[in-house]
2 protein chains.
Amino acid sequence: MSETNRTEISSLGEFRLIERLTKNFEIHNASTILTVGDDAAVIDHFGKQTVVTTDLLIEGIHFDLMYTPLKHLGYKSVMVNLSDIYAMNAVPTQITVSIGISNRFSVEALDEFYEGIYAACEKHGVDLVGGDTSSSQKGFIISVTAIGEVSPDRFVKRSTAKKGDLICVSGHVGGAFLGLTLMEREKKIYLENPAIQPDLEGEDYIVGCLLKPEARKDIIEFFASNEIIPTAMMDVSDGVSSEVMHLCHQSNLGCVLYEEKLPIHEAARKAAYKFGLDPTVCALNGGEDYELIFTLAQSDYDKITLNEEIAVIGYMTEPEKGYQFISKGGNTHPITAQGWNAFES
Amino acid sequence: MSETNRTEISSLGEFRLIERLTKNFEIHNASTILTVGDDAAVIDHFGKQTVVTTDLLIEGIHFDLMYTPLKHLGYKSVMVNLSDIYAMNAVPTQITVSIGISNRFSVEALDEFYEGIYAACEKHGVDLVGGDTSSSQKGFIISVTAIGEVSPDRFVKRSTAKKGDLICVSGHVGGAFLGLTLMEREKKIYLENPAIQPDLEGEDYIVGCLLKPEARKDIIEFFASNEIIPTAMMDVSDGVSSEVMHLCHQSNLGCVLYEEKLPIHEAARKAAYKFGLDPTVCALNGGEDYELIFTLAQSDYDKITLNEEIAVIGYMTEPEKGYQFISKGGNTHPITAQGWNAFES
C-alpha cells in the first residue's frame with residue numbers, strides 16, 4: 001500500500017469506521033434478525049440448539065504481521081472459530097469480530113483485514129453480526145465469537161468416545177507447523193540481512209497451511225449426507241498428540257495410534273526433511289492444522305471409506321492401556337503432549 | 001497478595017487453569033446444555049430470539065490496574081456486556097470470557113478477576129459458557145461476549161423512536177466520569193510522590209460509579225411487569241449527548257433535552273464543583289455510566305412515574321429541529337457529541 005492512499009482511522013471515528021468495514025456484508029441466514037449497528041445482534045432459533053465459541057488472537061503471540069498478509073489474517077481469524085463450531089458437528093451461522101488496533105494501522109489496512117473476514121463468511125454462509133472496535137497501546141488484537149446451530153440429537157462432545165472406536169482425522173496434519181518453521185527461518189535471515197529476499201520457492205503448500213487454513217465444512221456435510229455421527233470430536237489446533245489425549249482423558253479411555261497411518265502431505269514431508277525435522281513429530285506436535293479429529297463406531301467404518309479426506313489413524317482402548325504410539329518399525333512409545341502451551345516459559 | 005502465595009500460571013497449563021477458574025460456576029439456565037470444557041458451548045432456545053453482544057477491554061485503554069482492583073474489573077467486564085443485552089430489552093443468559101495475560105499475573109490474581117466475573121454472573125443469573133485464555137506480550141486483554149434472549153415481539157432497537165416520544169434515562173449520569181477524574185488525579189499525585197496516600201475520603205459514590213457499575217436489570221424487569229415497551233433504547237456508555245444523538249440519527253429525528261432534568265447525584269454534583277468541573281458537562285459527556293437511555297410514547301408517561309429510578313430528560317422532535325439543549329437559564333444550545341472516541345489523537 002502506498003502512503004499516498006492512506007486514510008487515518010481518526011478521520012473517520014468509530015461509528016463511521018464500523019459502518020465502512022461492515023457495509024458490504026450480506027445476510028445469509030433468515031435467523032439473522034438484527035445485525036451490526038445496535039447494542040447487540042438478534043438471532044432467531046426454533047427447536048435448534050445454539051452453539052457459541054470464541055477465540056482471542058494477539059499479535060506477537062498468535063501471528064506475526066511480518067509474514068502474515070492482513071487479508072489472510074482476517075480469513076484465518078474466522079476459520080479458527082468456525083473450526084470449533086464444526087467440531088461440535090454444528091453449522092456456523094453468525095460471528096462477531098472485535099479488534100484492538102494501534103495508530104499504525106490505516107483504514108486501508110483494516111479494509112484488507114475485513115476483506116479476509118468477508119471472504120471467510122461468504123464461503124461458509126456466515127453472517128457478521130457485531131463486534132467492538134478499540135484502540136490498543138501495542139499490537140493488533142482480534143477477538144472472534146462464532147455462533148452455530150445443531151439439532152439437539154446431533155451435537156458431538158469430546159467426552160463420549162467408546163472403547164474400540166476408530167480414531168480418524170481429516171485432511172493432512174503437520175503442514176502449518178512446517179509453514180511456520182519456514183516463515184520464522186526466512187524472517188530471521190531477512191532481519192539479519194534485509195537485502196536477502198525471502199525464499200518461499202516451491203513451498204506453496206506449507207505456506208498455505210499456515211496462512212490460509214480451511215475449516216472442514218465439507219466433513220460435516222459428508223457426515224450429514226451419510227448419516228454418520230462421530231462418537232466424539234474436536235478440531236486439531238494444538239497438534240494431534242495433544243488432541244488425542246484430550247479425547248482420551250475426557251472419555252476416560254486409552255488409545256493406540258499408528259505412525260504409518262498419519263496423513264502427512266508429500267510436500268510437508270519433503271519440507272520436513274529439508275529443515276532436518278521428523279515429519280511424524282511435526283504431524284503429532286505441530287499445531288494449527290484446523291483439521292477435525294474424531295472417533296467413530298467400528299460399524300461406521302464402511303461409510304467413511306467413501307471419503308478420501310478421512311484417515312483412520314488408530315483406535316480407542318481401555319484406559320489402563322494408556323496412550324500408545326506404534327512406530328513404523330513396530331516399536332511402542334508413550335504419547336506425550338508437546339502441543340502449544342501459552343504459558344510455557 | 002504476598003509473594004509467598006504466588007502460583008505461576010506456567011505451573012498449571014492452560015487447561016488446568018481454565019478448569020480452576022471455572023469450576024465454581026453453577027448453571028442457572030435450563031438452556032445451558034454444554035459449557036466450558038469443549039470446543040464450543042451449546043444453548044437451547046425454543047421460540048425465543050438469541051441476543052449476542054461483545055466487548056473488548058484493553059489495559060491502558062479501558063482500565064488502569066493501578067486503581068482498578070481485579071475483582072472489580074471482572075465484575076465490570078461482565079456488566080458492560082450485560083448492559084448491552086438489557087439495552088435490547090432482553091435478558092442475558094450466557095457469557096463467554098477470553099483473556100490475554102502476561103507473565104506478571106499470578107493465578108491468585110486471576111482468581112480475583114474471576115471472583116468478580118462470578119459475582120456478576122451470580123447476581124444476573126448468567127452462565128459462563130466458554131472462552132479462551134492466551135498469553136499477551138503486554139497488558140491485560142479481556143473480551144466478553146454475552147448472549148441473551150427476548151420474545152420476538154419485545155426487542156427494542158435504536159432506530160424506532162417516534163416524534164414526540166419522551167427521552168428517559170435510568171439512575172444517575174456523570175458519576176463514573178467524576179470517579180475517573182478523581183482516580184487519575186490521585187494517581188498523578190502518587191506517581192509524583194509515592195509517600196502521599198490516595199485521598200478518596202467521602203468519594204465512595206463516584207468511585208463506586210467508576211469501579212462497580214451495575215447493569216440495569218431492574219429497569220427491564222420493571223418494563224416487563226408494567227407492560228412497557230420503549231420505542232427505542234440503548235445503554236449510556238459514551239455519555240448522554242453521544243447516545244441521544246445516536247437515537248436521533250438512527251431514528252431520523254431531532255430532540256430537545258433539558259439541563260434541569262438531567263439526573264445528577266448530589267455526591268457527583270459536589271465532586272464536580274470540588275474538581276472545578278461543570279456537573280452538566282460531566283453528565284452529558286462523561287461516559288461509562290451504563291444506565292439505560294430510552295424513548296417512550298407519551299401515552300406511557302403515567303406508567304413510568306411509578307419508578308423513581310427513571311427521569312424524563314426531554315423529547316424527540318422532527319429532524320429539522322436538530323439536537324437542542326435547553327439550559328437552566330432558558331438558553332438553547334446545539335448538542336454536540338464529545339463522548340469517547342477511541343481514535344482521537
Mind putting together the pair-distance distribution for the range B:166-334? All Cα pairs, 5 Å bins, whole percent per bin, short to long. 2, 8, 17, 19, 18, 14, 9, 5, 3, 2, 1, 0
Average other protein chain Cβ within 10 Å of Cβ, residues A:142-151: 5
How many Lys pairs in the range B:246-345 lie less than 26 angstrom apart by Cα atoms, where the lysines are 8 or more positions apart or on different chains? 7
Selection of trypsin sites (Lys or Arg not before Pro), the range B:247-345, meeting DSSP coil and at most 12 other Cβ within 10 Å: B:Lys328
Sequence-distant residues sharing a close amide H with A:Glu149 (under 5 Å, placed H): A:Val51, A:Val91, A:Thr93
Gain in span if fully extended, A:Thr7 to A:Lys328, counting 0.36 nm per residue against the direct Cα distance: 109.8 nm
If I model a spin label at B:Ala195 and A:Asp153 as a point 7 Å from the Cα along the Cα→Cβ vector, what separation in nanometres do I get? 7.8 nm
Check: C-alpha center the range B:101-133 vs C-alpha center the range A:71-140, spacing in Å is 25 Å
Over 14 Å, how big is the tail of the calculated P(r) for the range A:66-133, in percent of all Cα pairs? 60 percent
Count, for each residue of B:93-100, the Cβ atoms from other chains sitting within 10 Å of its Cβ, then give me the mean as a whole number. 4
Roughly what would the spin-label model give for A:Glu227 and A:Glu318, points 7 Å off Cα along C-beta, in nm? 3.3 nm
Quick one: which of A:130-138, A:223-231 comes out on top by average Cβ neighbours within 10 Å, and what's the full order, highest first? A:130-138, A:223-231
Can you work out the Karplus-derived ³J(HN,Hα) for every residue in the range B:109-118? Use 6.51 cos²θ - 1.76 cosθ + 1.60 with θ = phi - 60°, whole Hz, and x for glycine or proline. 5, 5, 4, 4, 4, 6, 4, x, 4, 4
Interchain or sequence-distant (5+) residues whose placed amide H lies within less than 5 Å of the amide H of A:Thr7 are A:Val107, A:Glu108
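Laboratory data are not the source of any read-out in this text; all were calculated from the coordinates shown. Since the structure is predicted, the reported quantities are computational estimates derived from the model, not experimental observations. Here Cβ is always computed from backbone atoms with ideal geometry, including for glycine, and neighbour counts include all displayed protein chains.
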